[in-house]
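The values are calculated or read from the model by the stated rules, or taken from the named source; none is laboratory data. Quick caveat: nothing in here was measured; it's all calculated off a predicted structure. Here Cβ is always computed from backbone atoms with ideal geometry, including for glycine, and neighbour counts include all displayed protein chains.
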Amino acid sequence: MVTHYETSKYEGNFHKRVDRGAQSASFTLRIDTSKKYQSMLGFGGAFTEAAAYTLSRMSPENRDKVMRAYFDRENGLGYNLGRVSIHSCDFSLKNHTYVDDNDKTLESFSIERDHRWVIPMIEEAGRIRGEKISLLASPWSPPAWMKDNNDMNHGGKLLPEFRQTWADYFVRFLDAYKAAGVDIFGVSVQNEPAAKQIWDSCLYTAEEERDFVKHHLGPTLSRSDHPETKIIIWDHNRDIIVERAETVLNDPKAYQYVWGTGVHWYVSENFGNLSEVKEKFPEKHILFTEGCIEGGPQIGAFETGERYARNMIGDISNHCEGYIDWNLTLNEIGGPNHVGNYCDAPIICDTVNDTVHFNSSYYAIGHFSKHILPGARRIGSVCDAPGLTHVAFVNPDGATITVIQNETEEAHTLRLDKEGTTHNVTIRPRSISTFLL
């Protein structure tokens, strides 16, 4: 017995259960449960201020619709992970921090602003899922007065005299979120440390990131009330992930504090770089921490969902252990964003007309998150069909899940072979399929 869910450009299906058997098969996909790779942490998206504010402007019915679409285990995507920014990012309503200007003692530290929109959204997600959402926290920039350009935007660098203050700021953040009942499983050192942006940003060389971890952030977390908090380096694109990881993790002192490497999907689809990092540092982890469709909403586009599926298969096939999308939702123009850096999201909320749009990316993510449960193990799979990409898993309950993407214009008949048990299926052109065996 095989169950097939399909998203197809030409059939108009979106994660729909279908029966696409075949009398014979031209190609074979073999599943090998004896080959076991990484365990999956899960899937999720970012609780940005933009997402939370957008939902606050929707009717209670549509707000609930969006939240259940993401966090309900039975009828939604079953998200269990999330991401928050440590004070503002570009998808905040404005630049802001948790302290008064030039408060070197951090006595004024307060997350009161987060209690308005962001934390209530996180709490609601946990209620719907039935357990707390595990969150990664990332800074986009230290406060302006800690930087050499005296600006939260436009890059700049953390001043040496404030490195310890900034590390202490991380602990204040963790203290405040813990007091609010919100779980933070890890922090990244810096969002996109190689990018000078017109929005909140801060530049670190690989050596600067290494030294901040080993001299400040690592020791400070270790002696705080949060020694179990995981530290994630890089938190940027695949193109130079190997060089960045090597510089930090080849240092024994930095190595001891780092849990793993975060990756974004912009610029490069060189998925093999993740495997190279894993081969060099097999005890360390890899987590996808951000990706989105740039340029504002693209409602009705099928290619956006294809990009998600292609990247998810590519990263997970190369040892990525979890996938955290960017904004959970955005408004009708792809914001709010305080510098006009509008983007798409899997769910777009039209706050003018109080309507909800589900993009193809939403359904593409569902091919993974609805079926691949936390704790699932990636297993071996090989396929001789041209143009098909794939990845397979065994869930904790023993069920086998296989995701196959066909970005070509040709249909394929395929024999799914799980150690001698076979099923013939049809893979439609321009489609994403999930098979439960």
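Assess whether residue 379 counts as being within 20 Å of the chain's Cα centre (by Cα) and not small (Gly, Ala, Ser).
Numbers: within 20 Å of the chain's Cα centre (by Cα): no; not small (Gly, Ala, Ser): yes.
In short, no.
Could you check, for the range 344-365, whether at least one of its residues is farther than 30 Å from residue 60 by Cβ and surrounded by fewer than 21 Cβ atoms within 10 Å (Cβ to Cβ)? No.
Among the residues that make up the range 129-145, is at least one of them under 20 Å from residue 200 (Cα atoms) and either surrounded by fewer than 20 Cβ atoms within 10 Å (Cβ to Cβ) or not assigned by TED's automatic domain parsing to the domain that holds residue 189 (or both)? Steps first, answer last, please.
At the first step, the residues of the range 129-145 found to be under 20 Å from residue 200 (Cα atoms) are 136-145.
Narrowing further to those that are either surrounded by fewer than 20 Cβ atoms within 10 Å (Cβ to Cβ) or not assigned by TED's automatic domain parsing to the domain that holds residue 189 (or both): 144-145.
Within the range 129-145 (the criterion being under 20 Å from residue 200 (Cα atoms) and either surrounded by fewer than 20 Cβ atoms within 10 Å (Cβ to Cβ) or not assigned by TED's automatic domain parsing to the domain that holds residue 189 (or both)), the answer is yes, since at least one residue qualifies.
When 30, 63, 57 are checked against the criterion of being over 19 Å from residue 360 (Cβ atoms), charged (D, E, K, R) and outside the structural domain of residue 287 (by TED's automatic domain parsing), a single residue qualifies: 30.
Filter the range 407-421 down to the residues that are among the aliphatic types (A, V, I, L, M) and in a strand (DSSP E or B) and list them by number. Within the range 407-421, 414, 416 qualify. When 105, 33 are checked against the criterion of being among the polar types (S, T, N, Q) and closer than 25 Å to residue 417 by Cβ, a single residue qualifies: 33.
With 39, 59, 26, 8 as the choices, which residue is in contact with a His (Cβ under 8 Å, 6 or more places away or on another chain) and either hydroxyl-bearing (Ser, Thr, Tyr) or at pLDDT 95 or above (or both)?
Values: 39 fails: in contact with a His (Cβ under 8 Å, 6 or more places away or on another chain); 59 fails: in contact with a His (Cβ under 8 Å, 6 or more places away or on another chain); 8 fails: in contact with a His (Cβ under 8 Å, 6 or more places away or on another chain).
Result of the check over 39, 59, 26, 8: 26.
Report, by residue number, each residue of the range 67-86 that is in a helix (DSSP H, G or I), surrounded by 24 or more Cβ atoms within 10 Å (Cβ to Cβ) and among the aliphatic types (A, V, I, L, M). Listed by number, the list is empty, since nothing qualifies. Scanning the range 161-210 for residues that are surrounded by fewer than 17 Cβ atoms within 10 Å (Cβ to Cβ), in a loop (DSSP other than H, G, I, E, B) and polar (S, T, N, Q) gives a single hit, 205.
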